[in-house]
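Remarks on the structure that follows.
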Amino acid sequence: MRSPADVRKVLRRLAKMFPEATCALHHSNALELLVATILSAQCTDERVNMVTPALFARYPAAKDYAESDAAELEALIRSTGFFRNKAKSIRGMARMLVDRFGGEVPDRMEELVTLPGVARKTASVVLGTWFGRAEGIVVDTHVARIAKRLGLTAKDDPGKIEADLMARIPKKEWIDFSHRVIWHGRGLCKARKPDCAPCALRDICPSARAAE
């Protein structure tokens with residue numbers, strides 16, 4: 001496992017590589033980000049961003065989603081995959097927002113995860129990106145893969161990976177770390193064939209060294 005000095009070096013280099021990294025899902029408020037994040041499950045952010053302009057225009061408030069026609073909502077989000085389950089989650093989430101939270105997206109982890117379709121990862125995206133609150137580290141497929149390649153965890157379960165990262169990475173870095181690693185995963189450190197040669201982490205990455 002990496003030493004604290006190694007972890008600091010990884011964080012510094014990621015910051016140099018991706019100083020402007022942020023959430024790739026287009027949104028202008030917390031509700032839009034929450035809906036987009038639910039849609040992003042098993043779907044690319046690019047595809048979600050193609051769907052959401054019409055979706056957000058049709059349903060600007062939680063009340064609109066809560067009162068939406070299921071078939072119409074499903075048709076609008078069909079291309080994101082698993083559209084029936086996603087529509088059910090979005091409508092249920094919106095009804096709970098209206099009934100329990102005055103139609104507003106809560107800014108606390110323990111409240112967000114009570115919403116249908118909202119698990120810890122989705123809640124962490126909304127808390128970190130919109131509210132600027134670091135209550136967890138987003139562990140998507142990119143973060144899980146790259147954290148293991150960098151020797152920051154040896155676990156496979158997302159919850160255990162998150163626990164390892166939270167224990168090793170300073171809390172003030174949690175939000176930016178996730179964004180930067182996700183950008184790195186989309187650019188160089190891809191699942192099938194990472195492009196190690198130009199990577200600024202190459203000399204401190206166990207996986208890159210093992211591949212040489």
Inverse mean reciprocal Cα-Cα distance (Kirkwood Rh) of the stretch 135-212, Å: 12.6 Å
Gyration tensor over alpha-carbon atoms, the stretch 30-129, equivalent ellipsoid semi-axes in Å: 19, 16, 11
Residues of type aspartates and glutamates that Lys172 reaches as a straight line, Cα spacing below 14 Å, ignoring anything fewer than 8 places off in the same chain: Glu135
Inter-centroid distance (Cα atoms) of the stretch 63-100 relative to the stretch 108-164, Å: 23 Å
The stretch 30-129: relative contact order in percent, alpha carbon pairs under 8 Å with at least 6 residues between: 31 percent
Where the Cα pairs of the chain fall when distances are cut into 5 Å bins, in %: 1, 7, 15, 19, 18, 14, 11, 8, 5, 2, 1, 0
Per-residue [θ]222 nm for the chain (sum of -39500 (n - 2.57) over DSSP H runs n ≥ 4, rounded to 500): -17500 deg cm²/dmol
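Values quoted throughout were computed directly from the atomic coordinates according to the rules given, and no laboratory measurement underlies them. Owing to the predicted nature of the structure, the values given are computational and were not obtained by experimental measurement.
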